[in-house]
Amino acid sequence: MEKSLHASSFERYLLCPGSFAAEQGLPDTTSDEATSGQKIHNALRLYFSGTVKDLADVAKVCKLDDREEIILNWFARNAETIITEHGGAAKCYPEFKLNEDGDRITGTADLIVRCKDNQILLFDWKTGYGKQLTAEKNLQLRVYAMKIAEQFGCIRILACLFSAGNAVEDSAFSFAEYGPDEIKESKKEIYAIRDRCLAHDAKRIPGPEQCKYCKAAGNPDRCPKSLARHNQLALTVRKPMTPELRAKCAVIWDNIKAFEAAAKGFKLMVKDELAANPDGIPGLKLKAPESRRVITDANKVFEIGIQREWFDQSAFVSKAVTVKIGELVKLVKAGLKVTQKEATETVNTELGNAGVLKFEPKEQAIERIE
């Protein structure tokens, strides 16, 4: 039986196409973090299916701890706000299994809502502790949007990504709108990744993100290339604080600080050398210089946005309180109903002409080359 590519693994498939074949047949692994995440997902499924209608009762039924209950409430209340903005839910589909339809791609969306104004909302809950991608950059959501468009026969989907951090203040929400153009481009990208994974010579490219959740990582038979990295990571696994280790902590701490200082100095030396001689160090190079956009006058941006009908006042206040450039582009995209590229060009042009946008150079980084 041919195995399917899962939407949740597409970020890894992109970075390491060979990981798909490498982990086939290997047992699933688990962790305390994964178990906690599953509890929160189960709670949200119960709530949005209407099985248990009170969040406090849901937390008790699912035996959530304090942190898990905070995340449950944050996710559910904010999702309800978005659903209400679209007239309320006509139908909720929690943990909806998406059809494979012969393309060997499958997945289970955390929550799909068909709203009373006919808007299709896609919700994805990220309960882990790590830094999360925004909705716009998340490949998993793009896979879902493509599959939902096919299965539901819709042309517009609003994808909402909720990410939980170590504390409430680390929690974040982002969204991305998928219209016909975005869905068409997503399909092209997703199928290209799928084809690379299914190729007989699919490359295995170990790395921090690639190996993090791959079942083949560290397996000498399935992925010998990952052994060195896996062994390095094994050294950093958190162990219980024994009396012997506690007694050595001060010395270890001093050594770590000394190493960090030496590493910083060495990196600066390598950067200087590469800046003077780009080909001088085999295997390393400086990345091309980049810049970032910075808004210099938030009040002026607000005036321009209202005049050009990019957004209304309430949308600006609720979505772009700190006037981040990325959030502004999203508002313009939604307000003018244009593509991401057109919204970006509009913002760059209008704010540039008004003199409230500048480009600051980013620090060049070193990257590894084969």
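Only the coordinates and a few stated rules stand behind these numbers; no lab work does. From a predicted model like this one, the values you see are computed outputs, not experimental measurements. FYI the Cβ positions are ideal-geometry reconstructions off the backbone, even for glycines, and counts take in every protein chain you see.
GNM on the chain, alpha-carbon springs under 10 angstrom: the most fluctuating residue among LYS97, LYS63, LYS264 is LYS264.
Report the charge-dipole magnitude of the chain in Debye, nearest 20, computed about the Cα centre from +1 at each Lys and Arg Cβ and -1 at each Asp and Glu Cβ.
Details: 55 positive and 53 negative charges, 123 e Å.
Roughly 600 debye for the chain.
Can you tell me the length gained on complete extension of the stretch LEU133 to GLN38, counting 0.36 nm per residue apart and subtracting the Cα distance? Let's see the in-between values first.
On the way: separation 95, 0.36 × 95 = 34.20 nm, distance 1.98 nm.
Between LEU133 and GLN38, full extension yields an extra 32.2 nm.
Rounded to the nearest 0.05, the FRET efficiency derived from the C-beta distance between LYS203 and SER4 at R0 = 22 Å is 0.60. Here the spin labels are modelled as points 7 Å beyond Cα on the Cα-Cβ line, and at GLU80 and GLU273 they lie 6.0 nm apart. Its Cα gyration tensor gives the chain an equivalent ellipsoid; the semi-axes, largest first and in whole Å, are 35, 31, 24.
Once you've got the Cα coordinates, tell me which of LYS257/LYS287; LYS39/LYS147; LYS147/LYS285 are over 32 Å apart. LYS147/LYS285, as the Cα separations exceed 32 Å there.
Rounded to the nearest 20 debye, the dipole magnitude of segment 5-198 is 400 debye, with +1 charges on Lys and Arg beta carbons, -1 on Asp and Glu beta carbons, and the Cα centre as origin. Charge tally for GLU273 (other residues, Cβ to Cβ under 12 Å; Lys, Arg +1; Asp, Glu -1): +1.
Figure the gain on full extension for ASP297 and VAL251 (residue separation times 0.36 nm, minus the Cα-Cα span) and round it to one decimal in nm. Walk me through the intermediate numbers first.
Numbers: separation 46, 0.36 × 46 = 16.56 nm, distance 4.93 nm.
Contour length minus Cα-Cα distance gives 11.6 nm.
Could you order the peptides 210-223, 291-304 from most to least packed, using the average number of other C-beta atoms within 10 Å per residue?
Working: 210-223: 18.5, 291-304: 14.6.
Order by mean packing, descending: 210-223, 291-304.
About its Cα centre, segment 243-282 has a charge dipole of approximately 220 debye under the convention of +1 per Lys or Arg Cβ and -1 per Asp or Glu Cβ, with nothing else charged.
Both radii were evaluated on the Cα set of segment 243-282; the Rg over Rh quotient, with Rh as the Kirkwood radius, amounts to 1.34. The equivalent ellipsoid that matches the C-alpha gyration tensor of segment 5-198 spans semi-axes of 27, 22, 15 angstrom, in descending order.
Of the candidates GLY179, GLY326, GLY335, which one comes out as most mobile in a Gaussian network treatment of the chain with C-alpha springs shorter than 10 Å? In the Gaussian network model the winner is GLY326. Toward the positive end of the charge dipole of the chain, with +1 on the Cβ of Lys and Arg and -1 on the Cβ of Asp and Glu, the farthest Cα among LEU245, CYS160, ALA7 is that of LEU245. In a fully extended conformation the segment linking ASN99 and ILE281 would gain 60.5 nm over its present Cα-Cα distance, using 0.36 nm per residue. Which of ARG194, ARG45, ARG246 moves most in a GNM of the chain, Cα contacts under 10 Å? Largest GNM mean-square fluctuation: ARG246. Database remark: amide H of SER49 closer than 5 angstrom to no amide H (H placed geometrically; neighbours at sequence offset of 5 or more, or on other chains; Pro and chain starts carry no H). Selection among VAL332, ASN138, GLY179 by position relative to the dipole of the chain gives ASN138 as farthest towards the positive end (Cβ unit charges, Cα centre).
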